[in-house]
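S.K.: One structure, pasted below without further comment.
The values are calculated or read from the model by the stated rules, or taken from the named source; none is laboratory data. Quick caveat, the model's predicted, so the values are computed rather than measured. Positions of Cβ are backbone-derived with ideal geometry, glycine not excepted, and every protein chain shown enters the neighbour counts. Just so you know, the surface numbers come from the protein's heavy atoms only, side chains and all, with ligands and any DNA or RNA stripped out. Shrake-Rupley method; radii C 1.70, N 1.55, O 1.52, S 1.80 Å.
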There are 2 protein chains.
Amino acid sequence: MTKTNLDLVRECDNFPYYQDNRVAYAETLKNYHEFRVSGYDVTLGYIVNAVVEKFPWPEHIWSIDSAAQTVTLVTDTNADPAQRSELVAQSIAEAVKLGCFEVLKGWRNEKYPLYGPGGEFLLEMERCATPLFGIVSYGAHMTGYVEDSTGLKFWVPRRAKTKQTYPSMLDNTVAGGMSTGEIPFECIVREAMEEASLPEDIVRASVLPVGCVTYTHVRDSRAGGETGLVQPEVEYVYDLKLDPSVVPKPCDDEVEEFNLLTVSEVKDALARGEFKPNCSIIMIDFFIRHGILTPENEPDYLDIVARIHRRMEHPTASHCLK
Amino acid sequence: MTKTNLDLVRECDNFPYYQDNRVAYAETLKNYHEFRVSGYDVTLGYIVNAVVEKFPWPEHIWSIDSAAQTVTLVTDTNADPAQRSELVAQSIAEAVKLGCFEVLKGWRNEKYPLYGPGGEFLLEMERCATPLFGIVSYGAHMTGYVEDSTGLKFWVPRRAKTKQTYPSMLDNTVAGGMSTGEIPFECIVREAMEEASLPEDIVRASVLPVGCVTYTHVRDSRAGGETGLVQPEVEYVYDLKLDPSVVPKPCDDEVEEFNLLTVSEVKDALARGEFKPNCSIIMIDFFIRHGILTPENEPDYLDIVARIHRRMEHPTASHCLK
């Protein structure tokens, strides 16, 4: 079955919108507890009720309010990020020991940051645990392309068969998650080398930051582990126009091969659902910014543009160095 | 006082968000009636209560429900767009005769379309009346620029002193509203000739559709007429890289002059608040898409990108020709 571009966007941005249906939105929220940190009057993530029931919340660390549907990390008033992170790490370690959650079996040994209102750093936690807390995560995606007289062609990798998540699906030329302390530009430079063997000097000189896409994903079985977990994501977007002589090559075991696809080959692969869901919207965003998808040829243009730039329900980071 | 880019976005996109503050959002909505059309279970616009009280709603055409805060255009079940438009036109004519509203003194003699869920055309109404009904309006904005060894330069017009709205402010190279039946591409080609004397063949050959910006504006005194009116807007965005030999020139009496400004001159003019509010966000969008504003140099990057691609609270059009 052929998928429209809006189908692809909806697969990725599949958490409901208040303005679309207030009743349905309120019903959905009943399935979640709000994740909070003491001292901050703001929701930092949505924890699905099944996780709230199963997680071994150590009593001296967490306060659960079943009526208000909140789960609050309780700390001293003057707690710092290191102290909060340690309390969260202890709790996650307990859950790992008890074998409560499938997602925790995919331990990455990478720390993802959590930010409060105003963008201040609150704490960090193991990457694979973030969907349990439903917190915003950050990444960077780059589209590498070449242009000749016949038009644009895209360097599209196929994920390894052995990848834990979305095996054998098509991906963006380079993509990766941002660990605590990393900035988008350095993330994309690092991943370009690690995933595509692209020389650092070429990437630094030519990669162009062109915006970001944001969406709220509810995980299905393709992501591995528990389903229904909420994953709000920010992906900083980069374009890299490459000289035809520069050929990306797999460097680690995450990528099987790179192929150079035409616009129409990418469109066909999108329609067949061959791209990893969030990578498909990076391609759609590229097509919109480069005039390939237009208001006159894409029936869902407005809906797509708004949904791939979703305003997050929780505070987000600033990666500004100034 | 210097304005940040987020200040400029907030001036333009100044209707509250549900997720930011649910209580404040609900309080704001109390100031409005929902505009509805019989047969469609959807809100098509927000009419400020002061307008509801003052507008001479002919009883055989409108049903006002003060408890539910709705204003419904009542028609036969099988009414068509021409019939609905005629009923609305009669009502607006009555309001003009009674001199109820300042905004109706700025008669444009242009018809703006209203779309229902699924994007079907419901009716059209006089352009200057749309803010009274709070319906979504559509336009197209183009940034004309040149690139040389020193970087990018932008063709920035200053609006005529005699313009009814935002006199003497800076504008985008070309910008205009889309009347009923018009498509974005033809709108920008027409306006490029009318406002900037740009030859049609150059525009058709080189103008690039690069997305759209969307926001919900609550009008202040600079817009002229009543304040507090809601104006959700969709602006299709175009870039046009021009040869240095092509110089835009005023053609009608709406533009005073065109100047070629550097990136830093545009940034300074933005910070001084010299751009018409919605034109400032078109420049900001250009800066983001072209890597001039980056996650590392713009502290409010994520907030800006999400807000200038606001998901509308009402149904929107499809301008697709397929």
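S.K.: Working from the pairwise distances between different alpha carbons, so that the mean of 1/r is found and then inverted, what is the stretch B:174-222's Kirkwood radius in Å?
M.R.: Working: mean 1/r = 0.0802 Å⁻¹.
It works out to 12.5 Å.
S.K.: Under 5 Å between amide hydrogens, which residues at least 5 positions from A:Glu256 or on another chain qualify, with H placed 1.01 Å from N in the peptide plane?
M.R.: Result for A:Glu256 returns A:Arg158, A:Arg159, A:Ala160.
S.K.: Also, I was wondering about something else. Each residue of the stretch A:211-219 in turn: what ³J(HN,Hα) in whole Hz from Karplus with 6.51, -1.76, 1.60 and θ = phi - 60°, glycine and Pro shown as x?
M.R.: x, 8, 10, 9, 6, 10, 9, 9, 5
S.K.: Using a 1.4 angstrom probe and counting only protein chains, how large is the accessible area of B:Trp107 in Å², to 10?
M.R.: Using a 1.4 Å probe on the heavy atoms, I get roughly 120 Å².
S.K.: Another one. Top mean-square fluctuation among A:Ile135, A:Ile64, A:Ile188, Gaussian network model of chain A, C-alpha springs under 10 Å?
M.R.: Of A:Ile135, A:Ile64, A:Ile188, the Gaussian network model singles out A:Ile64 as fluctuating most.
S.K.: How far, in nm to one decimal, is A:Thr28 from itself in the other copies if the label point is set 7 angstrom along Cα toward Cβ? Shortest first, please.
M.R.: 2.0
S.K.: I need the inter-copy label distances for A:Pro244: point set 7 Å along Cα to C-beta, values in nm with one decimal, smallest first.
M.R.: Distances to the matching label points in the other copies: 3.0 nm.
S.K.: Here is a further query. Given a 1.4 Å probe and heavy atoms of the protein chains only, how would you sort B:Phe258, A:Phe154, largest accessible area at the top? Don't jump to the answer; show the numbers that get you there.
M.R.: Working: B:Phe258 25, A:Phe154 0 Å².
Putting B:Phe258, A:Phe154 in descending order of accessible area: B:Phe258, A:Phe154.
S.K.: Counting other Cβ atoms within 10 Å, which trypsin sites (Lys or Arg not before Pro) in the stretch A:1-69 have at most 11 and lie in a DSSP loop? Please report the intermediate quantities before stating the final value.
M.R.: Numbers: sites: A:Lys3, A:Arg10, A:Arg22, A:Lys30, A:Arg36, A:Lys54; in loops: A:Lys3, A:Lys30.
Here the sparse-neighbourhood loop sites are A:Lys30.
S.K.: Can you give me the Cα centroid spacing of the stretch B:137-198 and the stretch A:241-273 in angstrom?
M.R.: 37 Å
S.K.: Let me ask another. Rolling a 1.4 angstrom probe over the protein chains, ignoring ligands and nucleic acids, what is the accessible area of A:Tyr115 in square angstrom, nearest 10?
M.R.: Counting only protein heavy atoms, A:Tyr115 exposes about 30 Å² to solvent.
S.K.: So, one more: Counting partner chain Cβ atoms within 10 Å of every residue's Cβ in B:311-318, what's the average?
M.R.: On the way: counts 12, 4, 4, 1, 2, 5, 3, 8.
Mean number of neighbouring Cβ atoms from other chains: 5.
S.K.: Can you work out the Karplus-derived ³J(HN,Hα) for every residue in the stretch B:180-195? Use 6.51 cos²θ - 1.76 cosθ + 1.60 with θ = phi - 60°, whole Hz, and x for glycine or proline.
M.R.: 3, x, 7, 10, x, 4, 5, 4, 6, 5, 5, 5, 4, 6, 5, 9
S.K.: Considering only DSSP states other than H, G, I, E and B, which trypsin sites (Lys or Arg not before Pro) in the stretch A:131-206 qualify as loop sites with at most 12 other Cβ atoms within 10 Å?
M.R.: Values: sites: A:Lys153, A:Arg158, A:Arg159, A:Lys161, A:Lys163, A:Arg190, A:Arg204; in loops: A:Lys161, A:Lys163.
In loop regions of the stretch A:131-206 (DSSP not H, G, I, E or B), the sparsely surrounded trypsin sites (Lys or Arg not before Pro) are A:Lys161.
S.K.: With springs only between Cα atoms under 10 Å, which of A:Pro184, A:Pro58, A:Pro277 fluctuates most in a Gaussian network model of chain A?
M.R.: Comparing A:Pro184, A:Pro58, A:Pro277 in the GNM, the peak value goes to A:Pro58.
S.K.: Let me ask something else about it. In cubic angstrom, how much convex hull volume per residue do the alpha carbon atoms of chain B span? Don't jump to the answer; show the numbers that get you there.
M.R.: Details: hull volume 46.4 nm³, N = 322.
Measuring per residue, one finds 144 Å³ for the Cα hull of chain B.
S.K.: On the rotation axis linking copies A and B, which residue of A comes nearest by its Cβ, and by how many whole Å?
M.R.: Whole-Å result, nearest residue of chain A to the axis: A:His309, 2.
S.K.: Per-residue Cβ counts within 10 Å, from other chains only, averaged over B:207-214: what number is that?
M.R.: Across B:207-214, the average partner-chain Cβ count within 10 Å equals 6.
S.K.: Kindly write out, for the stretch B:47-58 in residue order, the coupling ³J(HN,Hα) from the Karplus curve 6.51 cos²θ - 1.76 cosθ + 1.60 (θ = phi - 60°), rounded to whole Hz, with x marking Gly and Pro.
M.R.: Rounded to whole hertz, the list is 9, 5, 3, 4, 6, 4, 5, 8, 6, x, 5, x.
S.K.: Starting from the Cα coordinates of the stretch B:31-132, work out the convex hull volume and express it per residue in Å³. List each step's numbers first, then the result.
M.R.: On the way: hull volume 9.8 nm³, N = 102.
In the stretch B:31-132, the Cα hull volume divided by residue count equals 96 Å³.
S.K.: I would also like to ask the following. Would you pull out the residues with amide H under 5 Å of A:Cys212's amide H, same chain only if 5 or more places away, H placed 1.01 Å from N?
M.R.: A:Val237
S.K.: Here is a further query. Expressed in whole Å with the largest first, what are the equivalent ellipsoid semi-axes of the protein assembly as shown derived from the C-alpha gyration tensor as the square root of 5 times each eigenvalue?
M.R.: Numbers: eigenvalues 345, 206, 104 Å².
So the equivalent ellipsoid measures 42, 32, 23 Å along its semi-axes.
S.K.: Pull up all non-local amide H partners of B:Asp300: gap of 5 or more, or a different chain, and H-to-H distance under 5 Å with H placed in the peptide plane.
M.R.: The list, which skips near neighbours in sequence, is empty: none.
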